[in-house]
1. Filter the range A:42-59 down to the residues that are in a helix (DSSP H, G or I), more than 8 Å from chain B (Cβ to nearest Cβ) and in contact with a strand residue (DSSP E or B) (Cβ under 7 Å, 6 or more places away or on another chain) and list them by number.
2. Among the candidates A:Ile216, A:Ile237, A:Ile255, single out the residue that is surrounded by 13 or more Cβ atoms within 10 Å (Cβ to Cβ), touching a residue at least 24 places away in the same chain (Cβ under 8 Å) and over 22 Å from A:Met177 (Cα atoms).
3. Can you tell me which residue within the range B:298-312, out of those that are within 10 Å of another protein chain (Cβ to nearest Cβ) and of a type in the set (Val, Ile, Thr), is farthest from the chain's Cα centre (by Cα)?
4. I need the full set of residues from the range B:331-368 which are surrounded by fewer than 22 Cβ atoms within 10 Å (Cβ to Cβ), in contact with a helix residue (DSSP H, G or I) (Cβ under 8 Å, 6 or more places away or on another chain) and hydrophobic (A, V, I, L, M, F, W, C), in order please.
5. Hey, does the range A:241-253 have a residue that's in a helix (DSSP H, G or I), within 14 Å of chain B (Cβ to nearest Cβ) and among the basic types (Lys, Arg)?
6. What is the number of the single condition among (1) in a strand (DSSP E or B); (2) buried (at least 16 other Cβ atoms within 10 Å of the Cβ); (3) without any contact (Cβ under 8 Å) to a residue 60 or more places away in the chain that A:Glu186 does not meet?
7. Go over the candidates A:Tyr29, A:Tyr9 one by one and state the one that is of a type outside the set (A, V, I, L, M), free of Cβ contacts under 8 Å to residues at least 40 places away in the same chain, over 27 Å from B:Gly437 (Cβ atoms) and surrounded by fewer than 24 Cβ atoms within 10 Å (Cβ to Cβ).
8. Given the criteria outside any strand (DSSP E or B) and crowded, with 20+ Cβ neighbours inside 10 Å, does B:Gln242 qualify?
Amino acid sequence: MSETIEKPYTAKDLETDQDVRWCPGCGDYSILKQVQKVVPELGIKRENLVFVSGIGCSSRFPYYMETFGMHSIHGRATAIASGLKAARPELSVWIVTGDGDALSIGGNHLIHILRKNFNVNILLFNNQIYGLTKGQYSPASEEGKITKSSPMGSIDHPFNPLALCLGADSTFIARTMDRDPTHLREVIKRANDHKGTSMVEIYQNCNVFNDGAFFIYTDKETKAVETLFLEQGKPLIFGEGKTKGIKLDGFKPVIVDLTDGTAASDLWIHDETDRVKAGLLSRFFDNPSTEGHLPRPFGVFYTEARYCYEDALVDQITTTIAKSGKGDLNKLLKGGNTWTIA
Amino acid sequence: MSKTTEVTKDITILFAGDSGDGIQLAGTQFTNTTALFGNDLSTFPNFPAEIRAPQGTLAGVSGFQLRFSSIEIFTPGDICDVLVVMNAAALKANLKQLKTGGIIIANSDGFDPKNLGLAKYPASVNPLKDNSLEKYKVHEVDVTKLTKECLKESGLGIKEIDRTKNMFVLGFILWMFNRDMDNTIKYIQDKFKKNPAVMDANIKTLKAGYHFGDTSETFTTRFQVEKAQLEKGEYRNIMGNQAAAIGLIAAAERSGLTLFYGTYPITPATDILHELARYKNFGVKTFQAEDEIAAIGSTIGASFGGALAVTASSGPGIALKGEAIGLALMLEIPLVIINIQRGGPSTGLPTKTEQSDLLQALYGRNGEAPVPVVAAYSPSDCFTTVFEACRIAVEHMTPVFFMSDGYIANGSEPWKFPTADSLPTIKAVFAEPRNEGDEKYMPYKRDEKLVRKWAIPGTKGLEHRVGGIEKEDITGNISYDPDNHEHMVKTRAKKVENIADSIPLQQIDNGKEKGKLLIVGWGSTYGSIKAAVREAIEEGYDVSHAHIKYLNPLPKNLGEILYNFENIIVPEMNNGQLVKVLRDKYLVPAVPFNKIKGMPFSAAEIKEKIVETLKK
């Protein structure tokens with residue numbers, strides 16, 4: 001977005017007069033704060049910003065953003081945003097959704113917006129639980145999860161959200177987390193810069209119904225070993241003191257010890273435009289309790305330049321008008337064959 | 001041999017054959033030619049749900065009924081004068097539609113043992129040979145053989161030759177009714193311009209059919225139906241779905257809004273999408289969504305953005321859209337929901353007509369969710385009524401139902417089309433941009449009609465939030481306050497009731513203002529009721545006809561009209577829906593008269609009911 005704004009606004013200007021009503025300690029607070037902080041840096045007129053959400057805790061988000069907003073119905077924010085963007089391509093449209101809203105009831109619309117590639121940003125707050133209905137397992141919850149609706153443990157195999165999105169030909173996929181504000185802001189910026197549907201999965205802690213689901217990736221003691229921060233053109237390095245790396249053995253990712261003398265240049269170099277590697281990265285999804293598991297990647301997995309639906313739609317209209325002129329209502333009413341009764 | 005010409009006022013032809021026989025095309029072409037000639041006309045295509053049901057079977061029979069006349073008509077005809085059948089199944093399925101003494105034109109090749117078997121005639125029975133059709137005038141023509149003969153030097157394959165059979169039949173019918181071939185030849189030239197061999201073959205077969213009538217000694221009579229004395233003016237032929245599509249474009253032009261059409265293909269609504277997708281030069285944005293819910297979702301987004309947003313479906317799809325309709329109603333944004341009704345419930349009878357979604361339109365949502373409902377009564381009326389639906393949606397900031405059905409959606413009639421300037425303008429009221437220091441924008445502030453303004457993204461200073469949760473009056477903030485909820489429910493209801501101030505009063509279509517019997521209809525039953533009531537009045541019966549276009553809110557004077565009659569009969573192609581509404585709202589002893597056969601009422605059925613009621 002290169003348009004100039006007459007009068008810049010601040011994070012404060014994006015706060016509404018409504019009391020924020022998430023549970024105290026909810027990860028959503030942090031995400032709201034970072035979004036309010038980063039959006040003024042994007043150069044978008046405030047009146048051109050629209051936040052559309054579905055139903056769930058995260059979907060209350062638009063009420064707290066002093067922009068245009070719609071808190072719609074369960075699972076349908078993606079469909080509503082598609083129509084809005086098709087009608088008004090110049091708007092900056094953001095979808096705020098959760099793992100239930102996007103992956104369960106709205107699963108169909110999610111895969112279709114990704115393949116259609118409207119130029120919108122999706123912020124998927126993944127807390128791996130149904131919070132608003134007070135704690136049932138979600139399609140992102142791990143197998144065996146004990147909840148009120150699964151007292152003997154969930155028998156649902158979970159989605160791998162980013163692998164699903166990649167499978168739907170998403171042109172931008174990234175992962176970040178509520179407890180890493182700097183990274184969160186950077187990823188949001190990247191998502192906004194991307195032309196096409198940008199899918200950002202945000203690990204978000206639900207401290208009431210699923211507390212600590214992601215602590216292993218956010219706590220000081222484990223973060224370095226369990227997370228892998230992706231940077232374009234850089235080798236995959238992680239671990240305490242950056243002592244571990246990932247190498248590709250054919251298509252098999254292998255953890256290597258850099259203190260053994262393995263050179264960084266032998267490692268897997270991250271390339272966001274490589275679809276095959278993005279596919280492998282999205283499968284770094286092991287349960288962290290399994291022996292020899294791979295670290296969980298964060299950052300931009302994949303980007304691809306592909307035409308946006310709304311541009312092609314407008315293009316067909318302008319091409320038609322350029323070729324055969326603007327429609328004439330009188331001609332249309334008259335049709336091809338007429339007769340006169342005198 | 002000399003040929004005579006018999007002048008007649010009113011002819012109904014039914015073309016019937018396999019759904020792959022090109023019957024619909026032959027029927028449409030004959031319709032266009034006869035429309036250009038200046039007859040009044042009404043058509044009724046009737047096809048199976050399967051695209052290509054097994055060839056030769058009863059399930060695969062497709063029909064196209066056309067009535068054309070030199071007098072004013074309102075229905076495609078109760079009973080046929082001429083039945084054209086391409087095979088035995090077509091005869092078996094449609095013979096009951098033919099009047100005694102009517103003409104059968106049969107493709108004899110379609111009556112071979114295989115076809116007779118497929119049509120489930122008993123072994124060794126051929127209706128063309130056993131005198132069972134002696135009440136009719138039967139003409140056997142071996143269309144298949146004659147077509148092959150005519151194209152033997154064309155170089156085309158047997159399949160391609162076979163596909164031109166419908167042109168032979170069309171050529172013959174054009175001859176029989178004294179119509180020239182120019183319009184059809186022009187159509188063929190245009191359709192096959194990229195394939196000259198097929199173009200030539202079709203034209204050749206068409207001409208062969210025409211000349212066959214001229215030279216064959218079996219046919220001695222041609223028919224002449226003079227021009228109809230319709231109201232003066234310029235006419236075109238139009239189908240209901242086509243009229244709806246044009247009506248939407250006209251509404252967009254007259255409101256200055258961009259038309260956004262979000263939909264998912266479903267019979268019998270899809271043709272509107274096909275039509276609109278062609279009109280990119282009017283800036284129309286069509287969006288084929290992944291499902292019914294996404295379809296209405298996209299229109300809610302587009303409407304929020306300031307477009308004239310329209311979604312369409314049939315009963316099953318409308319059921320899926322229910323929750324989203326409620327959202328549009330809460331957001332108080334304009335939206336037109338088109339329901340081209342078909343037989344229900346569930347998948348029901350996809351290609352057959354019914355009026356069984358009225359109560360769904362009126363009441364089929366959770367919560368107190370009133371939505372205005374308007375219904376078209378004929379193919380060309382789809383134009384006027386969908387335009388009116390757009391007007392109400394935009395000027396009253398509300399979702400609106402436009403009801404049509406398979407019968408008028410696919411049926412056609414002559415239309416004295418309007419000029420663009422003669423159409424009313426539709427006034428969208430957008431909230432103005434605000435400057436710093438201006439009072440905070442209140443999205444749910446209303447005018448005297450209780451209508452809020454359209455506050456679209458991109459307008460400075462109007463940043464605000466809307467949603468499906470109950471809103472506080474004026475501010476639009478979330479509110480769980482009990483009094484506020486009751487107030488908002490009543491306000492939304494009153495807002496819809498207020499629309500009654502901007503719609504015409506109910507008229508008596510035909511007959512006296514007061515009397516023994518009032519027939520009250522809505523939607524596509526108009527033609528049959530009109531024809532029946534007109535006939536009954538001519539015969540001296542005390543009967544009147546009122547047809548309701550505005551089903552919610554109802555016209556203010558409707559009660560008064562109803563109270564002026566001793567008896568009220570409500571014919572509907574359902575199990576009694578409008579009748580429930582009238583009884584509920586006006587406490588009148590209205591009586592249902594129902595037909596639920598996937599077929600429209602014939603005028604005779606309604607007439608009989610009138611006579612029976614008044615003779616009691």
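Just so you know, all these numbers are worked out from the coordinates, no wet-lab data involved. In this text, all values refer to a predicted model and were calculated from it rather than measured experimentally. As a convention, Cβ positions derive from the backbone with ideal geometry for all residues, glycine included, and neighbour counts pool all protein chains shown.
1. A:Ser58, A:Ser59
2. Step by step, each of A:Ile216, A:Ile237, A:Ile255 is checked, and only A:Ile255 is surrounded by 13 or more Cβ atoms within 10 Å (Cβ to Cβ), touching a residue at least 24 places away in the same chain (Cβ under 8 Å) and over 22 Å from A:Met177 (Cα atoms).
3. Among those residues, the one meeting the criterion is B:Ile300.
4. B:Leu359, B:Leu362
5. No: the range A:241-253 contains no residue that is in a helix (DSSP H, G or I), within 14 Å of chain B (Cβ to nearest Cβ) and among the basic types (Lys, Arg).
6. (1)
7. A:Tyr29
8. yes
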